[in-house]
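The values are calculated or read from the model by the stated rules, or taken from the named source; none is laboratory data. Since the structure is predicted, the reported quantities are computational estimates derived from the model, not experimental observations. In this analysis, Cβ positions are derived from the backbone assuming ideal geometry, glycine residues included, and neighbour counts consider all displayed protein chains. Calculation scope for accessible area: heavy atoms of the full protein, side chains included, ligands and nucleic acids excluded. Shrake-Rupley method; radii C 1.70, N 1.55, O 1.52, S 1.80 Å.
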Amino acid sequence: MSNQLFDAYFTAPAMRAIFCDAGRVQGMLDFEAALARAEARVGLIPAEAVSPIEAACKAELYDYPALAQAIATAGNSAIPLVKALGKRIAATDPEAERYVHLGATSQDAMDSGLVLQLRAAIGLLQSDLAKLADALAAQAERHIDTPLAGRTWLQQATPVTLGMKLAGVLGAVTRHRQRLSELKPRLLSLQFGGASGSLAALGDAGWSVSGALAQELELTLPEQPWHTQRDRLVEFASLLGMIAGSLGKLGRDLSLLMQTEAGEVFEPSAPGKGGSSTMPHKRNPVSAAVLIGAATRAPGLVATMLAAMPQEHERSLGLWHAEWETLPELCCLVSGALQQALVVVPGLEVDVARMRANLELTQGLVLAEAVSIALAQKIGRDAAHHLIEQCCKQAVREGAHLRTVLGANAEVSAQLSADELDRLLDAAHYLGQARRWVERAVAEHTQFSS
């Protein structure tokens, strides 16, 4: 049970449950029970020893505060847990106790237990990413022709569509789903090497026990133990960092669109959501804050995992320890960001009229490129660019609409008719391939999901 004040805001409860103390302990106990079954399967231990070992491999049977105190002395969580497991088994079956943890080392139990936790975590991530992709696809199609100002360097550029912006996020989410699927066989891999990775304690039976243990845990059997080769975990951490970054991009754009001066797209409203302690009028982007916060914290956690890679010889001192809380925290952060994205995206509140009004803020300047390109076909690029630039400056200086200035300019009027100018200064006619981008992103999502 977590006691962190901010968990409800930053973490999905289901993900925190996977990485709570009980989840961590149960992962190691699942390894120990599976090891006993595997060793019995190959005839290394008596079959009757399995049931007493399995019966004791239940996390609720153990005293976590006592384990925590023992970890401070032992240096890892498996040593005191295996000792407590042995005592519990010995109380009912001293013979079976002889076969607990046979041939394994502490890191085998901890790493394989972690992999079992990560398998559950991946299941949650895959489910949430799929739901988010569905929501993004639906919104992108809904707003496939909804124009708004594109912004570069935080200034209005040329028109885009809201559907195009959302399709950009959808594309990233689809790629992350692909990456997650691709890395699963590498990540969900057994760790079993014994003291120094050679499984010498099991003699000739070491290889057959490894195969049976991988089958029992439904994990891939690696080419060799990976006690100090941490690329599997770091690959996953890096992907979590990328997911956090893409969700942070969504949160950043949404928060900017929610600004009073823009007021184009909003998080869904709810009683008590986004209020201020002093200002009754405030509507703060509280979900976007989680997306941005997770994207800000994740790189440091990924960096810790990367920094922990040069582990010494066959068992690391300190670098392995640095991973223990880092990777679970990354999982929890990303899960919380996904939960907030799943609140925001399906319920986006879109002010189409405000988008249209904002496109008119520059009185036609936002479409100056369209006029310049059309004019370039008549008089050349440089001449057209210079002429339209001068018209833009005149429009700003006089506070006039660009259409008025262009219509009154003899050089422009000689080349472009009034109808042509009207069309060129209509945002709906300068959206390029925006519709195609949405269709392609949705098609890729549909193909991956099918």
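Roughly what angle does helix 368-379 make with the longest principal axis of the chain, taking Cα atoms, 0 to 90 degrees, to the nearest 10? Taking Cα atoms only, the helix is inclined about 60 degrees.
Return the whole-Å distance between the Cα centroid of the range 49-75 and the Cα centroid of the range 383-440. Result: 74 Å between the Cα centres. Using the Cβ-Cβ distance between R179 and A428 with R0 set to 45 Å, the FRET efficiency from 1/(1 + (r/R0)^6) comes to roughly 0.80. Using a probe of 1.4 Å on the protein chains alone, the accessible area found for T260 is around 110 Å². If you plug the beta carbon distance of R142 and N76 into 1/(1 + (r/R0)^6) with R0 = 45 Å, you get a FRET efficiency near 0.30.
Computed log10 I(q)/I(0) for the range 291-450 at 0.18, 0.21 Å⁻¹: -1.08, -1.26, from the Debye equation with unit scatterers placed on every C-alpha and solvent omitted.
For the range 362-416, the square roots of the Cα gyration tensor eigenvalues, ordered a ≥ b ≥ c, give a/c of at least 1.5 with a/b greater than b/c, which places it in the prolate category.
Between the helical axis of 106-142 and the longest alpha-carbon principal axis of the chain there is an angle of about 20 degrees.
Comparing N76, N358, N409 in a Gaussian network model of the chain (Cα springs below 10 Å), the most mobile by mean-square fluctuation is N409. When T73, T158 are compared by accessible area of protein heavy atoms, the largest-first order is T73, T158, using a 1.4 Å probe. Here are labelled values, [x] 25.0, 88; [y] 22.6, 74; [z] 29.8, 103, and one is the computed Rg and Dmax of the Cα atoms in Å for what I pasted. Which one? So the calculated entry is the one marked [z]. Remark: spin-label model distance I373-Q155 equals 1.9 nm, labels positioned 7 Å along the Cα→Cβ axis.
The loop-placed trypsin sites (Lys or Arg not before Pro) in the range 380-450, going by DSSP, include none that has at most 11 neighbouring Cβ atoms within 10 Å of its Cβ.
Comparing mean-square fluctuations of T362, T152, T105 from a GNM of the chain with C-alpha springs under 10 Å, the top value falls on T152. Checking every one of the GluC sites (Glu not before Pro) in the range 294-403 against DSSP loop status and a limit of 16 other Cβ atoms within 10 Å picks out E312, E314, E360. With R₀ set to 35 Å, the beta-carbon distance separating R283 from A130 gives a calculated FRET efficiency near 0.70.
With protein chains left intact and a 1.4 Å probe, residues in the range 362-416 average 53 Å² of accessible area per residue.
Between A408, A68, A244, where does the largest GNM mean-square fluctuation fall for the chain, given springs only between Cα atoms within less than 10 Å? Of the options given, A408 has the highest mean-square fluctuation. Scanning the chain for chymotrypsin sites (Phe, Trp or Tyr not before Pro) lying in DSSP loops with no more than 16 further Cβ atoms inside 10 Å, the longest uninterrupted stretch between such sites is 154-450. Compute the acute angle (0 to 90°) between the alpha-carbon long axis of helix 319-344 and the principal axis of greatest extent of the alpha-carbon atoms of the chain; round to the nearest 10°. On a 0 to 90 degree scale, this one is about 40.
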